[in-house]
Amino acid sequence: MAFHWSSLFKFTFLLLLLAAIATACFTLPVEKILKDFLQWIEQDLGPWGPLVLGIPQVGYGEVRVYEDHTLPRGVKETVFG
């Protein structure tokens, strides 16, 4: 197996991406952000709140239906539970 600079770059980029995601998970105030978002939907949007909250859920449902036929089994279990 020959060494390729592109392989090293891809591997390094993957490690940096994983480190950034892990750092974000431990340092960002995710709970506060979610509470503020739900409060914004409830108080500021009024009757439009359920629609705004429902649109991403419909999109997520479409992804779940679509992914059943395209993703490998390990990826499905990891991403979608």
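All of the numbers you see were taken from the coordinates with simple rules; none came from a lab. Since the structure is predicted, the reported quantities are computational estimates derived from the model, not experimental observations. Quick reminder, even Gly has a Cβ in these numbers, built from the backbone with ideal geometry, and neighbours come from all protein chains shown.
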1/(1 + (r/R0)^6) with r = Cβ-Cβ of Leu28 and Trp48, R0 = 22 Å, i.e. FRET efficiency to nearest 0.05, evaluates to 0.20
With x for Gly and Pro, the residue-by-residue ³J(HN,Hα) of the range 41-58, computed from phi through the Karplus equation 6.51 cos²θ - 1.76 cosθ + 1.60 at θ = phi - 60° and given in whole Hz, is 5, 5, 8, 8, 8, x, x, 7, x, x, 5, 5, 6, x, 4, x, 5, 5
Contour minus Cα-Cα span, Leu17 to Leu38, at 0.36 nm per residue, comes to 4.7 nm
